[in-house]
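Before any comments, here is the structure.
The values are calculated or read from the model by the stated rules, or taken from the named source; none is laboratory data. Keep in mind that what you see is a predicted model, and the values were worked out from it rather than measured. A quick note on method: Cβ atoms are made from the backbone with ideal geometry, for glycine too, and the neighbour counts reach across all protein chains shown.
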Amino acid sequence: MSNFEARDLTEGLNGVLGFHLVDWRDGFAKIAVDLDERHKNRQGGLHGGVTATLIDATTGFCGVFEPDPEKRRGNVTVSLTTNFVGRAKTSTIICTAKTVRAGRRIYFASAEVHDSDGNLVATAEAVYAYVDRDAQRKPSGK
C-alpha cells in the first residue's frame, strides 16, 4: 500500500498551469488539471501545448519515483511524440503514464490523456535520460 498523498505541483510551468499530482508510484504517475481560460488556444479549445506539457510532466514523473527524496534521480526529455486524437469535452483532463522500460541511463514511457468522462484526448511515447537531479538548477557559468 502506498503512502502517497496527492498534491499540487508548484514549481515552474507545472505550477503556472495548475497541475495536480494525483498518484505516483514505481513506474506510474497520474496528473490532473482543471481547465480554465489560461489553458485555451485562440479558438477557445484546449491548447495542444498544455496537453503536451501535461504529458511531459507525467511521463517525467513516472520514471523517477523513489520514496526517499534524497535518492530521487533527475531526468531530461530526449524525445516526446504526441498524438492528438480527440477533444476534451469536460473541464478536467487527466494524464496517466507508465514506464515501459528503464535502463541505467535512459527510460521509455507511454501516456494517455483522457477527460473526466473518459474520452481519449491524446496518446504519447517519451524517452528520458537520467541526470543529476540538481544539474538544471546549477548556474550555467555566464
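Whether any residue in segment 115-126 is part of a strand (DSSP E or B), surrounded by fewer than 19 Cβ atoms within 10 Å (Cβ to Cβ) and of a type outside the set (D, E, K, R) is what I want to check.
yes
Taking segment 1-19 as the region of interest, how many residues are more than 22 Å from PHE84 (Cβ to Cβ) and either assigned to a helix (DSSP H, G or I) or not polar (S, T, N, Q) (or both)?
Residues that pass the stated criteria total 10.
Mind checking which residues of segment 20-65 are closer than 18 Å to ARG7 by Cα, of a type in the set (A, V, I, L, M) and over 13 Å from the mean Cα position of the chain (by Cα)?
Within segment 20-65, LEU35 is the sole residue that qualifies.
Do we find a residue being assigned to a helix (DSSP H, G or I), out of contact with any Asp or Glu (no Cβ under 9 Å at 6 or more places or on another chain) and under 23 Å from ARG133 (Cβ atoms) anywhere in segment 36-51?
No, because not a single residue in segment 36-51 is assigned to a helix (DSSP H, G or I), out of contact with any Asp or Glu (no Cβ under 9 Å at 6 or more places or on another chain) and under 23 Å from ARG133 (Cβ atoms).
Any idea which of THR99, THR82 is in contact (Cβ under 8 Å) with a residue 12 or more places away in the chain, farther than 19 Å from ASN14 by Cα and part of a strand (DSSP E or B)?
Only one candidate passes the filter, namely THR99.
Could you please find all residues in segment 1-24 being within 18 Å of PRO67 (Cα to Cα) and touching a helix residue (DSSP H, G or I) at 6+ places or on another chain (Cβ under 9 Å)? Let's see the steps before the verdict.
Initial filter on segment 1-24 (within 18 Å of PRO67 (Cα to Cα)): 1-9, 21-24.
If the condition is that a residue be within 18 Å of PRO67 (Cα to Cα) and touching a helix residue (DSSP H, G or I) at 6+ places or on another chain (Cβ under 9 Å), then ASP8, LEU9, LEU21, TRP24 are the ones that fit.
Can you give me the number of residues within segment 52-73 that are part of a loop (DSSP other than H, G, I, E, B) and either on the phi > 0 side of the Ramachandran plot or β-branched (Val, Ile, Thr) (or both)?
Number satisfying all stated conditions: 1.
Every residue, every condition in (1) under 20 Å from ASP26 (Cβ atoms); (2) out of contact with any His (no Cβ under 7 Å at 6 or more places or on another chain); (3) charged (D, E, K, R), yes or no:
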residue	(1), (2), (3)
PHE61	yes, yes, no
VAL64	yes, yes, no
ASN75	yes, yes, no
VAL78	no, yes, no
ALA97	yes, yes, no
ARG105	yes, yes, yes
SER116	no, yes, no
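For (1) modelled with pLDDT of 95 or more; (2) surrounded by 11 or more Cβ atoms within 10 Å (Cβ to Cβ); (3) in contact with a strand residue (DSSP E or B) (Cβ under 8 Å, 6 or more places away or on another chain); (4) among the aromatic types (Phe, Trp, Tyr), each residue gets a yes or a no:
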| residue | (1), (2), (3), (4) |
| --- | --- |
| LEU54 | yes, yes, yes, no |
| PHE61 | yes, yes, yes, yes |
| VAL76 | yes, yes, yes, no |
| PHE84 | yes, yes, yes, yes |
| CYS95 | yes, yes, yes, no |
| THR99 | yes, yes, yes, no |
| ALA111 | yes, yes, yes, no |
| ASP132 | no, no, yes, no |
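What are the pairs with Cβ atoms under 9 angstrom where one residue, in segment 2-15, is under 13 Å from THR53 (Cβ atoms) and the other, located anywhere, is hydroxyl-bearing (Ser, Thr, Tyr)? Sequence gap at least six, or different chains.
From residues that are under 13 Å from THR53 (Cβ atoms), the pairs are LEU13/THR53; ASN14/THR53.
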